[in-house]
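A short reminder: the numbers here are calculations on the coordinates, not readings from a lab. Note that the coordinates shown come from a computational prediction; the quantities given were computed from them, not determined experimentally. Positions of Cβ are generated from backbone atoms using ideal geometry, with glycine treated the same way; all protein chains shown enter the neighbour counts.
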Amino acid sequence: MDILITALRDYFAPLGFWGILLLTICVLILSVFVAFIGDYFKLKNAITLANHNAKLAKELATKEKVEVQLGVKAELVLKHTDRKEVWLEITIINTGEITAFIKRIAALLEIDTHKIVGTDISFTPDVSELNPKKQTTIELKPHGAEYVCNLVIKRNYRFQIHEKGGVNYSKGYVELTTGKKFEFEFQLLSEKTWDAVAQPEFFGEFSGKLPHKCSGCGSVFFMRNPALIAVDGKKPYVTCPHCKHVDAL
Ligand SMILES: [Zn+2]
């Protein structure tokens with residue numbers, strides 16, 4: 001710019017007053033032109049930046065749409081430990097693409113009104129749930145990581161009941177730290193089954209499973225129906241969960 005003005009001055013100087021006038025006009029035109037070019041590029045950059053931001057925002061929105069996906073399965077099982085216990089076994093599998101953070105696992109109980117002992121005052125809680133003794137945040141990695149939660153069930157627990165095809169079910173949920181909930185349901189035991197479980201030598205069907213006495217260690221455990229285990233006419237077998245002894249059936 002300065003070189004240009006110097007060149008113009010040298011050119012117009014010999015012309016005296018008119019030369020200076022022409023030089024001033026030329027410099028003014030040049031300044032306006034330079035300012036215009038500057039603004040043009042500023043505007044162009046601003047448009048590019050706005051487009052870039054819009055694209056970025058769109059990409060972020062797409063990323064947030066990737067949600068946690070859990071597969072939750074729950075069933076009552078009989079555990080032959082030193083005592084005979086009925087457990088609600090809740091299996092949670094992260095089937096999605098991102099890590100899940102679970103803050104709460106619960107099975108729904110009937111909401112009872114409680115009376116405060118020694119008074120006429122009673123209160124009804126908003127919710128009544130069966131939870132694990134320790135509720136800590138559980139991190140579950142994506143692509144199939146699994147977590148199993150076992151809750152010991154007593155016969156007098158009053159689960160919320162819904163009926164399907166003559167069978168009683170109850171339900172519960174798994175809640176993420178984000179507040180998203182995944183519901184599950186499980187089949188309840190009939191009074192007859194609870195009676196049978198109470199017997200010292202319980203040998204009935206339980207949750208669709210059959211009892212088996214291990215010929216290795218003598219403990220009784222439950223297995224799937226042998227007819228379902230048998231594959232391609234091969235003899236079915238079962239492995240003892242206690243001593244790993246394999247019994248042919
Ligand atoms: Zn065994």
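Of the residues Cys26, Cys149, Cys214, the one that moves most in a GNM of the chain with alpha-carbon contacts below 10 Å is Cys26. Is the shape of segment 70-201 best called rounded, prolate or oblate, per the rule: a/c under 1.5 gives rounded, else a/b larger than b/c gives prolate, else oblate, with a ≥ b ≥ c the square roots of the Cα gyration tensor eigenvalues? Oblate shape, in that a/c is at least 1.5 and b/c is the bigger or equal ratio.
The value for the chain of Rg(Cα) / (2.2 N^0.38 Å) is 2.14.
What FRET efficiency do you get for Asn45 and Val148 if R0 is 51 Å and r is their Cβ-Cβ distance, rounded to the nearest 0.05? Plugging the Cβ-Cβ distance into 1/(1 + (r/R0)^6) gives 0.35. Net charge in the neighbourhood of His52 (other residues with Cβ under 13 Å of its Cβ; Lys, Arg +1, Asp, Glu -1) is +2. Pairs with C-alpha atoms separated by more than 28 Å, drawn from the list Lys141/Lys235; Lys65/Lys141; Lys84/Lys235; Lys42/Lys65, are Lys141/Lys235; Lys84/Lys235; Lys42/Lys65.
Label separation (Trp194 vs Ser128): 1.4 nm, computed from points 7 Å beyond Cα along the C-beta direction. Counting only residues at least eight positions apart within a chain, or on another chain, the lysines with an alpha carbon under 23 Å from that of Lys171 are Lys73, Lys79, Lys103, Lys133, Lys134, Lys154, Lys180, Lys181, Lys192, Lys209.
Shown for the chain: cysteine residues without a partner Cβ closer than 4.7 Å, namely Cys26, Cys149. Result for the chain in a Gaussian network model with C-alpha springs under 10 Å: among Ile102, Ile25, Ile161, the largest mean-square fluctuation is at Ile25.
Entry note, the chain: relative contact order of 14 percent, from Cα contacts under 8 Å with a spacing of 6+ residues. May I ask for the angle, rounded to the nearest 10°, between helix 2-12 and the longest principal axis of the chain, with both axes built from Cα atoms and the value confined to 0 to 90°? Once rounded, one gets 20 degrees. For GluC sites (Glu not before Pro), the sites in segment 88-131 that DSSP calls loop and that have at most 16 other Cβ atoms within 10 Å are Glu97, Glu110. By the helix-only formula, in which each DSSP H run with n ≥ 4 contributes -39500 (n - 2.57) and the sum is divided by residues, the chain has a 222 nm mean residue ellipticity of -9500 deg cm²/dmol.
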